[in-house]
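Working notes, structure below.
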Amino acid sequence: MIMDHVAEPIMWNIFFHMYLDLDSSSTLVSQSQKLAAYDSMDSWRSSGYGAIIKIGTDHTLAELRHHWKLYAAFYHPSKRRRLRVELQAAMDDKLKHEAAIPPKDDFVSIRSSGLLFQHSQTTSLFNDLHHRYWKTGTTFTDDTRLAASTRPNSTFLYSRAGEGFRAMPNTDPIIVFAHDVLFGNAGDRTLTVEDLVESAQSQFRTWCSAFQTATTEKTGGKTTPVVVRFLLGDALAVAHALLDFTDHPAGGRPSHPRATSMVPPWTAFPIELNREEYIGLSAPTRFDAIDTSNISDHLGLLNLFLATAPLLTRASSSVLYTGSLALFSADPTIEFEATLFATLPVVAILMDLAPIDVLSGFSSTYNGHELFTAYYRPDIKPLFRQSFTWKRPSSGDPLAYPDGSTCVPVSFSTHQFAKLLYTIYLDMFRSEDPIHASAINKALNVRNDAEGRALLQGLLLGPCRKTFFALLSFIRDSLQISEEQWSGIMRSFLEMRSENQPHFDKLTDSDVDVQLYLYGLHTVPRLYDVSKPSTASEPGRLSFWPSVPPLICIFLTVPRDAFAKLERAIAGIKGELLLMWLHCVIDHGDDQNVHIFQSVNAAYGIIIDTGTASEPSLTFQEDPEGNKNGADVVFSFVAPSHLFQAGKPPAPTMVRLQVRDDVNTPLILGPGKAATCIFSANVEDTDHVYLLPEPQPLRPGRPSSQDPAHALTRPDETGDIGYQHPVHVELDSTGKNIASLTAKLEITNAAALAVFAGGTMPTVSQCSPCAVQVVLGSRKQIIAFPVPIVGSPSRRKLRIARKSSYIEVVVPVAIPFLEPDGYKVNQFPVVGANGSLVPWNIHRVSLDQLPVLDRANISDAQLECWYGGYLSQPCSRRERIAFDDDLRRDDPLVNVKMTTSRIMMEAAGVGAPPQRVFGLKPNPRKDPDTFLFVDKIRYETASHNMVLDAFVLVLSEDVLSRVKAALPHLAAGPAVMHSPVLGWEREMYLWRRILPALAERCRTTWTHGADCEYRVVQADGSVRWQVPRELSKGLGDSYQGDPLCSCGRGRDVNREGIMGEGAWRVFAPFVTRIALSPLFSVAHVEHLLEPLDSIDSLIDLDNDDEGIPCPGPQAPAPVGAVASKTKTNPDVSGGGADGDSSGKSVLACDKCKKRAAGDVKLLKCARCKTALYCSQACQKGDWKAHKLQCKNMQVN
């Protein structure tokens, strides 16, 4: 519609409204008819849309056309009566039902206000709009427009689930937009529902305009290359189709359903990518960025990794985004750990992925409103949004891995690796053990500890054996483990599994055998123990086959009546049914174990036997509408053929479909009932059971996503000293954690050998997050590791073998960031990508497109209500304790966080006139040598953050000589650098590291030239990026020089902005634009907020109603001096009583002594009801002094 220039209000109506006016419904009909007229992929490609909107499969186009036809046909006069009576009545009834429910706090909607989620008007506005939307089906408030909107929107009545109105109760058009700006800039204005709607619609108009510009403007005679490609299908199946296409471009459509990775659930055939799109037009199958929203909540993080990790390119900037909306545990750290299949260091090694905030020690995005609600609003149903950015753990180290080169290989000892795999296996499936049933039942109803949450994970996601063995296949291929070692690993693993194996796991032995065979992981002798065909008087079905393969594909047709009983049972459940897992079973009778198979595929339709007894063949006729048409359901799975005992009468052998026995079973069958058998049939029942030979699989190798230029170094390709062997991974005694990494450097260079044999001692130092440098005489060589390491002398070990001529460096892993070193060596990497530079762990922003904080319209009190609290949250509890207890911090990142918060507070002018120029001192006895000029404060709504649109001036030698005359203006400006006794140089060094990243994150109008100072020519003539520029060390451990290149100097300087003002204009040619925002702690690694029982709340003195607790009262205030600690007289009892000139007692803030008058409104501590404060910031600043006194008052 955007490409056809449809009016934006009509597009809004069609996209969001349940009822349409005549113009909108007519547009919907004409647009649908126009699109449905393109009846082939060729006609679509030649259309006006084909250059921008691509379609990846023929099935996708067919389904789109099917729905477009339905949308248009809905309004045809011939269908008017039936549709009015049925579909519209269903819609009307649902809206009446929802409208009758009293409005309540709906954090799903309120969360879109981000930073302003505690604003006094959010709850009422969002509740009113949500209630109005479900009452009228529109966002209109005008009676005339409401009266005209009477035609049901057909897009709400047709979906993949079929015909019907199935909108979820939390459907709300406002949720998808960010409303921080609306509430933040409101000032004294009373907002209305119309304002909230306009906030959403203005963003909708902006997006439509941007898309139209991107698809119609031309650059150099060519249309801007914006392409949107649609692929309809199950997420995992689509990913596997993309993954396998490179090796199997011809695809293939079998005549019957198979339980394969490319077959979506409840369908019969694999996804087939369109050959013309993916071969002729070279549609991509590998990607620099993959965003998966929160589907890991439903599919599991491991399944998601296995499908998407191979699709990522080797670019240093390649990234996988995942998310979660679940919170079943006590805090985010437990929640995150439960979703992983192993510890973070192990995941990083095996999957070559890790969250960048876990590596870096900070996040550039804000999630405080989610954390606050999760901690302090237990009345709200667990719904906690977290976002994770996964990258290759070594990709932020351009020194060790320039331009995304292939990671150094790793090795494990056979027994240790088998033990690791076995512990992963046990953790994945222990929720199946009946011994944990009571603990899982309990876990459903509480915020869990780590143990309860881990058990609950198995119920929520129900991992199957296929997932585990797919992981093994991935590991074997990605780590390039030799066949000999892999055989030993699997033997050891299977021995561990067979020892003391619980009964529930024995039931899956046959399923395990199948997966080992299909993935080519191990030879299972019993799979080949199949009797030859017999001519017995009562022969089995396999007896007629010329030969019996190790595996058979079994098809079980479940009659619709039998399956409908399960559907009716589920529909009648009054409680909450989390998930229901189906599996197939082969049962030989009471005297033998059943065999459970978890990897099952299902589709509605009919199996047609097209073969003979000796040459079986099947055709499947799928019924896409089978759920509505009453079609039978065909389930297929693969089983070992020896279970059928070929040549013997298999009368007792039954094939069953049943529901897994778990906490949901009593909900379906009632209390005390066992596993649910939905349908069973004798294997000789040719009406319901069909058998086909399973073909011999090829060993599934993963298509390589690496650039051939980045191939692994061969043993004969050595460095200046020698050849680096694969890094050996040593596990601890539990078999779950990585104890150390060992890099072996074999000395092969003749000159180096001579020096080494002569007794020269090599020296080792950590030179980058993932590498150490070995110096032997005059020779140097970098030894790389696959993940960040702890390379400090006190933690690493050096082993020397002079006879065998090798050096070994043993180091711990620096994951998570609580370990020293790692990415602390280079905390803000800027890496090369596609010929340019990007910040590695700070997200990009487009400053000119971000809304501006309207400071003139907002009072100090209004701003402090949310801005001060937001800026008080960058540090974790650990960091706040360190900050309070010892100003000589070991971690300068804490200083940078607090300095940034203070700069942002003073730039906004909270409690004082706004400051616009800030100087950073390298030494308390020196003048500032780096200045920040703040132009604007902007809302970064995508991450619910605030960002300073600023310019930085570094007084390097070349700049100093040209602006020396104007320096007195800067010398008089405020210097806001924190002043710990030993922290100046270390913090200043970190600031020089972060400045290039802050410049790159907002760079849009300029590029790096051929003479860029970041470009460094190597000895071999190649060019590499070196960011920041080399910093020279001066006196007193200070660092001199400009860390920024000169490419961005003087760019984006607006004469109407701060650099155009008279006093600062002289500096404009030498400044570089940056985007400065707070750096937040990592909630899923360490605790950020205080426990609920330690929170000091405020009570409004006017109405004595308790306010919302402040997040983290121990957090130091971002304003005020921090060089000395505030002491409070312990004998003072609080109450904020001050005397005025007449000697009368006047109430005043216990912290800042502001008196209650005018716009100064005092609040009292909700715990002791004694201490008085004018703001939450003062309460937080006084908490350390007030805490003990407050508790004593409670005891008294």
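Since every read-out is calculated from the coordinates, none of them should be taken as a lab result. The model shown is predicted, which means the values in this text are computed figures rather than measured ones. Virtual Cβ from ideal backbone geometry, glycine too; neighbours counted across all protein chains shown.
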In Hz, Karplus ³J(HN,Hα) per residue of the range 953-958 (6.51, -1.76, 1.60; θ = phi - 60°; x = Gly, Pro): 10, 9, 7, 6, 4, 5
Cross-link table LYS442/LYS628; LYS442/LYS1180; LYS897/LYS926; LYS94/LYS628, entries beyond 27 Å C-alpha to C-alpha: LYS442/LYS628; LYS442/LYS1180
Given points 7 Å out from each Cα along the Cα-Cβ axis, report the LYS96 to ILE881 separation in nanometres with one decimal. 6.0
Hz values of 3J(HN,Hα) by residue in the range 491-497 - Karplus curve (6.51, -1.76, 1.60), Gly and Pro given as x: 4, 5, 4, 5, 5, 4, 5
How many nm is it between the label spots at LEU325 and ALA7, if each spot is 7 Å from the Cα in line with the beta carbon? 3.3
How far apart, in nm, are two points set 7 Å out from the Cα along the Cα-to-Cβ line at PHE211 and at GLU483? 5.2
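What FRET efficiency comes out for the pair ARG1155/THR190, r = Cβ-Cβ distance, R0 = 25 Å, nearest 0.05? Each step should come with its number before you reach the end.
Numbers: r = 28 Å, r/R0 = 1.14.
Computed FRET efficiency for ARG1155 and THR190 comes out at 0.30.
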Quick calc, ASN445 & THR1005: beta-carbon distance into FRET formula, R0 41 Å, rounding 0.05, result 0.15
Once amide hydrogens are built 1.01 Å from N within the peptide plane, the residues lying 5 or more places from GLY722 or on another chain with amide H under 5 Å from its amide H are THR748, ASN749
With +1 on each Lys and Arg Cβ and -1 on each Asp and Glu Cβ, and nothing else charged, work out how big the dipole of the range 843-1076 is about its Cα centre, in Debye to the nearest 20. 160
Enumerate the amide H contacts of ILE678 below 5 Å, restricted to partners 5 or more residues apart or on another chain; note that Pro and chain-start residues carry no placed amide H. LEU657, GLN658, VAL659
Which ³J(HN,Hα) values, rounded to whole Hz and listed in residue order, are derived for the range 989-995 from phi using the Karplus coefficients 6.51, -1.76 and 1.60 in 6.51 cos²θ - 1.76 cosθ + 1.60 with θ = phi - 60°, glycine and proline given as x? 4, 5, 4, 5, 6, 7, 4
For a footprinting-style exposure proxy, rank ARG160, ARG916 by other Cβ within 10 Å, fewest first. ARG160, ARG916
If R₀ is 22 angstrom, what is the calculated FRET efficiency for the pair VAL228 and LEU22, using the beta carbon separation as r and rounding to 0.05? 0.15
